[in-house]
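Data block below; observations after.
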């Protein structure tokens, strides 16, 4: 309850802060962004936070229903009755049923987000048919990847003794590395079309940037992001030789080649400053600690009883479900630290981009992206400290302009 109250308090602060600053464009952006664009971003931010509050209430009610109100216990008992005497089948069915129920509960709000909120602010370009197709593909992909992984984890929990969590961690590492390798060429094309970046000024700029940065990629691609959204982006994907650079077509349509080059230089900065490697190591370290903790808790009767479950048999699936349902409430306090590290990485990547390209081009690109994506220029500082992986717009632009000024005097 304390975590829920904190999240609502932070959401309320964000709404009030953004609403109070709605009437005037911040001075740093007064010559770059119009008042109407600033107000649109404020309205979009407030609408998203309010929807997030509804999602938070629904998610909390679902967790409460599964745990203290006996939902998992009821599902566990009724699944066992009349099913084959196979612990693996029963546990996989329990995991699947909880996932299906959770998805069905989330589905109306997901539809509302896409076809009401995003539509209202001019971002949605999806048809209902495409949305449903993505949904079906997502379910199939989750089943193809998730069910074998879940079966392997349950087998390890049941067969490898007290150190099952260590073997599961090694499996988790292998699974994630496998997904990173196959995602660009196998998974991503399920959902989007990727075309080679056409010859021209942009491609030449990108190739020159890669050459002087010492970065190798297996290809430069344009993704049909405009089929789903008006938001623009660029990203790296893959691992090792499978690394690709992908530009949303909306980004190419909106930014100048020099600005796209600067955005790409920022993304390259994450690789050159080893942020990606650090994040992978951090993620694996956290997962190791979490699995160790689960290994301890899974042997404690109070862990089940305190969350509304009586574990008799087939308890491995129950342990997994209870742990991952309860974990977010206890780890939210660490969110500001994670956000702080992420924001420091963004500053470092910006500095790298400013060294490789023109800092002014990155500033102009960011301003366009802030405007096009309706990103608020006036977030609540405390809300931002918890949630924002990127620095606030004013801080980021001010840092880049400072770098540009220093470069001009040397």
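The values are calculated or read from the model by the stated rules, or taken from the named source; none is laboratory data. Treat the numbers as computed from the prediction; the structure is a model and nothing was measured. So basically every Cβ, Gly included, is an ideal-geometry build from the backbone, and we count neighbours across all protein chains shown.
Every condition in (1) farther than 25 Å from residue 63 by Cα; (2) at pLDDT below 90; (3) buried (at least 20 other Cβ atoms within 10 Å of the Cβ) is met by residue 358 except one, and the failing one is (3).
The test for being within 30 Å of residue 397 (Cα to Cα) and surrounded by fewer than 16 Cβ atoms within 10 Å (Cβ to Cβ) holds for residue 23.
Note on segment 109-120: among residues that are surrounded by fewer than 16 Cβ atoms within 10 Å (Cβ to Cβ) and touching a residue at least 60 places away in the same chain (Cβ under 8 Å), the one that is nearest to residue 374 (Cα to Cα) is 120. Among the criteria (1) in a helix (DSSP H, G or I); (2) in contact (Cβ under 8 Å) with a residue 60 or more places away in the chain; (3) in contact with a helix residue (DSSP H, G or I) (Cβ under 6 Å, 6 or more places away or on another chain), the one residue 73 does not fulfil is (3). Applying the set (1) within 23 Å of the chain's Cα centre (by Cα); (2) surrounded by fewer than 17 Cβ atoms within 10 Å (Cβ to Cβ); (3) farther than 17 Å from residue 120 by Cβ to residue 51 leaves exactly one unmet item: (3).
Just one of the numbered conditions (1) surrounded by fewer than 20 Cβ atoms within 10 Å (Cβ to Cβ); (2) under 29 Å from residue 115 (Cα atoms); (3) touching a strand residue (DSSP E or B) at 6+ places or on another chain (Cβ under 6 Å); (4) without any contact (Cβ under 8 Å) to a residue 40 or more places away in the chain is not true of residue 194: (4).
Would you be able to tell me the number of residues in segment 218-228 that are in contact with a helix residue (DSSP H, G or I) (Cβ under 8 Å, 6 or more places away or on another chain) and surrounded by fewer than 18 Cβ atoms within 10 Å (Cβ to Cβ)?
Total meeting the criteria: 4.
When residue 386 is tested against (1) part of a helix (DSSP H, G or I); (2) over 20 Å from the mean Cα position of the chain (by Cα); (3) touching a residue at least 40 places away in the same chain (Cβ under 8 Å); (4) closer than 26 Å to residue 123 by Cβ, exactly one condition is not met: (2). Please work out if residue 394 is surrounded by fewer than 17 Cβ atoms within 10 Å (Cβ to Cβ) and either farther than 26 Å from residue 20 by Cα or without any contact (Cβ under 8 Å) to a residue 24 or more places away in the chain (or both). When the stated conditions are applied, residue 394 does not pass them. Residue 247 passes every criterion in (1) in contact with a strand residue (DSSP E or B) (Cβ under 8 Å, 6 or more places away or on another chain); (2) in a loop (DSSP other than H, G, I, E, B) apart from (2). Looking only at residues of segment 147-172 that are under 17 Å from residue 91 (Cα atoms) and free of Cβ contacts under 8 Å to residues at least 24 places away in the same chain, we find that the one that is surrounded by the fewest Cβ atoms within 10 Å (Cβ to Cβ) is 159. If I filter segment 273-292 down to residues being surrounded by fewer than 14 Cβ atoms within 10 Å (Cβ to Cβ) and assigned to a helix (DSSP H, G or I), which single residue comes out as modelled with the lowest pLDDT? Checking each candidate, the answer is 277. Scoring residue 340 on the criteria (1) loosely packed, with under 15 Cβ neighbours inside 10 Å; (2) touching a residue at least 24 places away in the same chain (Cβ under 8 Å); (3) over 21 Å from the mean Cα position of the chain (by Cα) leaves a single failure, condition (3). Residue count for segment 300-352 under the criterion of being in a loop (DSSP other than H, G, I, E, B) and more than 22 Å from residue 77 (Cβ to Cβ): the result is 0. Listed by first and then second residue, the pairs with beta-carbon distance under 6 Å, at least 6 apart or on different chains, first residue in segment 76-89 and part of a loop (DSSP other than H, G, I, E, B), second at pLDDT 70 or above, are 83/90.
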